[in-house]
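See structure below.
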Amino acid sequence: MKAPVFSLAVTASVLCMCLSYTLRSSVSWVVSSNDVVEDEDLSEEVAPALLVDGAGLWKRGYPSSNVLGDSVESPVELDKQEDGNVAQLSSRLFSYRLEKGKKSTSGGPPPHQETARTARYIAHTSDWGHLATISTQEKIKGLPFGNIFSISDGPVDNSTGVIYFYVTPMDNTVIDLKDNPYASITFTEAEGEFCRQMAYDPEDPRCARLTLTGKMVEVAPEELAFAKEAMFSRHPVMAKWPVGHKWFFMKLELIQVWLQDWVGGVSLIPLEDYFKATPF
């Protein structure tokens, strides 16, 4: 057999063998609709089976129906509509809305001279912030320790200026707060599109940053319903987090509002002015 003919025969054999194999992404899991139990706790063992690598992974997120009212379609109803589409299921459980409903603040930040309103704007439009505490960890005890937290100052149409958190006692930051409840949380306007559109570096003074300092306290029972609405309406995935982690709500009782939104110095905004202002 001549060499070219032999090479073609070998290639054809390899291709035939490959017909029986399927390439899969190393970050994908195959699950049938029967493997998914709605409204169960998403433990570490269950969650990987739902993390399907799909193009729509970050496109849709649905709030818990017991938070936003019965008009929201239940996950079971959505499963029927989508006929067991696992990629869509994973996006409902693990993603946020792309359309965050911030139509009332879509016109951009207030003029930088309106410092109290700017501070409220940043606090309301931020979905997360950097929380700094005094560490209780053995190697860095007494030193600053920073951590990222999802936050909300209220539903998109109801800004309060009060920063709410949904936390677990297993978190190092929460352990720190039990020893010393005082903390600072920092937000940056670089989270949104404004600084990118203006070509401002995150450290540029014109790309505003806000630091709120105060005392972290557990939300009182009479305020729990609002805290739940505030957090779960903005971060619907939280409603599915494992209950075994003993999540609870906290808020920041403000002592100081620090803002830099322009060149030439910073603004210390009186609490009265901060709470009187509106981000809308």
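Rule-based calculations on the coordinates, nothing more; no lab input. Predicted model only: the values in this text are computed from it and were never measured. Methodologically, a virtual Cβ is constructed for each residue, glycine included, from the backbone with ideal geometry; neighbour enumeration extends over all protein chains shown.
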Legend entry - Ranked list, fewest to most other Cβ atoms within 10 Å of each Cβ, for 156, 167: 156, 167
Legend entry - Separation of the residue 246 and residue 186 label points, Cα + 7 Å toward Cβ, nm: 3.1
Legend entry - Separation in nanometres of the label points that stand 7 Å from Cα toward Cβ, at residue 141 and residue 158: 4.4
Legend entry - Contour excess over end-to-end distance, with Cα ends at residue 203 and residue 171 and 0.36 nm allotted per residue: 8.7 nm
Inset, instruction - May I ask you to evaluate 6.51 cos²θ - 1.76 cosθ + 1.60, the Karplus curve with θ = phi - 60°, for each residue of region 219-233 and list the ³J(HN,Hα) values in order in whole Hz, giving x for glycine and proline? - result: 5, 5, x, 5, 10, 4, 4, 5, 4, 5, 4, 4, 6, 6, 6
Legend entry - Loop trypsin sites (Lys or Arg not before Pro), region 206-252 (other Cβ atoms within 10 Å of the site Cβ: 15 or fewer; DSSP): 206, 246
Inset, instruction - Could you go through region 131-148 in sequence order and give the Karplus-derived ³J(HN,Hα) for each residue, using 6.51 cos²θ - 1.76 cosθ + 1.60 with θ = phi - 60°, rounded to whole Hz, and x for Gly and Pro? - result: 9, 10, 10, 9, 6, 10, 5, 4, 6, 10, 4, x, 9, x, 9, x, 8, 9
Inset, instruction - Using DSSP to define loop residues, name the GluC sites (Glu not before Pro) in region 186-246 whose beta-carbon has at most 14 other beta-carbon atoms within 10 Å. - result: 193, 203
Legend entry - Cβ-defined net charge surrounding residue 217, 15 Å radius [Lys, Arg +1; Asp, Glu -1]: -3
Legend entry - Length gained when the stretch residue 112-residue 268 is fully extended (0.36 nm per residue, less Cα-Cα span): 54.8 nm
Legend entry - Flagged links, alpha-carbon separation over 23 Å, of 178/251; 178/246; 178/276; 139/246: 178/276; 139/246
Legend entry - Convex hull of Cα atoms in region 141-187, direction-averaged projection (nm²): 3.9
